Amino acid sequence: MIDRRAFVLAGAAGLAATATWTGAAAATAAPRTAGVAPRTPGAGLRTAAARSGAAPKSAGPAASGDRFDLNAPAVQYLREKALFNSTILQSFAFDDVNRCLYAVQLMEGGIQLPGEPGPVSGADRSAHGDLCLTKLSLSGDQLGHMYLRGFGHGASIGVEPAGRTSYIWTEADANPDSGYGMAVARFAYADGGVVDSGSGSVHKLYVVPGSTSNRPAVDMRHRRLLVQYMLDDGTYRYRVLDLDRAERGDVRPIFDIPRIGIDAAETPQGVAILGDYVYQMTGTHYTDESGDNPPSGHGNTYLTRLHLPTSQVEQRARSEAAYTLDYREPEGLAFQLGSAPRLHLGFASGAAGARKYTLYYKPRS
């Protein structure tokens, strides 16, 4: 499996049944071998969660409205807008209450933040898991930014609005050997802020202690939290949690299934959840015409829809959205909710040092 955002790390392979919120000063709890991996390949953990008292939520009557047709034509939403830093968009998420969106990228080189002895290179920022978070209007204009130190690669984020406050979910606790998150975290957006992963204002959740490549996505319609994680044997899984219980440190799963539907040669570029469905995006940036992903081929971006209760791929489709962009690299997948929900696809474009982002969406059919 090609995944430029994940490294195989040595660590505990056991899966913990519960966890607590913690800051950097608190030690990670030793994992318990709870036997989370189902015996039947591809089977989910709904019954196991019920036995543990997790009281899993059903997607209910709205389930049909959570299913998007991946063959539906994509519609342009924003085209070639700039983030606060000049690096590539990694992921994005909508705050549908406060009518804005947030996008995350690796910090660019040459920035010196408070407490740092001098400017830091982009390579060191990436290795340390330092990110730039940009707040944007729904028309793509910059409204503010934050810097996040020691969080991870920014492969997926979520937003949980509470009144006028946007709580951001990211990976956190970047592994010093890789720069990728070993936990997920929740913190309040604060314009102009610089926050460290170990700050007391950052509430970290070790969903599966010993795992890495943790990537969160939030479903505000059903109040669910999806976390991708990687075990030390290199296998990837998805764990779905009740969002409210997760905020109290309860990581008992509604579902816990293998990550499926991504071919061995593909690069994962985005994940989103709505009800009982997980949506995935894969692909790479354009090569020149003599390479294996030339612009004339309109890209190698693929979308898949997984059904959590059955742990099955329901649909797989290629997307040529934004194929006229130069460079064109798929980056991020997110839902915008409302009377007409949309599944948004993110793309990076432009020259190195002056990257832009573009969003297309698929309407619910």
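Any read-out appearing in this document is the output of simple, stated calculations on the displayed coordinates, not a laboratory observation. Owing to the predicted nature of the structure, the values given are computational and were not obtained by experimental measurement. Note that each Cβ is placed from the backbone with ideal geometry, even for glycine, and that neighbours are counted across all protein chains shown.
Checking every one of the GluC sites (Glu not before Pro) in the stretch 241-301 against DSSP loop status and a limit of 14 other Cβ atoms within 10 Å picks out Glu289. Using a ≥ b ≥ c from the Cα gyration tensor of the stretch 266-327 (square roots of the eigenvalues), is it rounded, prolate or oblate, where a/c under 1.5 gives rounded and otherwise the larger of a/b and b/c decides, a/b for prolate? In terms of gyration-tensor shape, prolate. Taking a ≥ b ≥ c as the square roots of the Cα gyration tensor eigenvalues, the stretch 97-253 comes out oblate, since a/c reaches at least 1.5 and a/b does not exceed b/c. Decide, for the stretch 290-365, between rounded, prolate and oblate: order the square roots of the alpha carbon gyration tensor eigenvalues as a ≥ b ≥ c, take rounded if a/c falls under 1.5, and otherwise choose prolate if a/b is larger than b/c, else oblate. Because a/c hits 1.5 or more and a/b fails to exceed b/c, the stretch 290-365 counts as oblate.
Working ranking of peptides 121-128, 233-240, 291-298, 204-211 by packing, defined as the average number of other Cβ atoms within 10 Å per residue, highest first, is 204-211, 233-240, 121-128, 291-298.
Remark on Thr287: its backbone amide H falls under 5 Å from those of Asn293, a criterion applied only to residues 5 or more positions apart or on other chains, H modelled at 1.01 Å from N. Proximity of backbone amide H atoms, modeled 1.01 Å from N, is registered between Gly275 and His222 at under 5 Å, excluding neighbours fewer than 5 places apart on the same chain.
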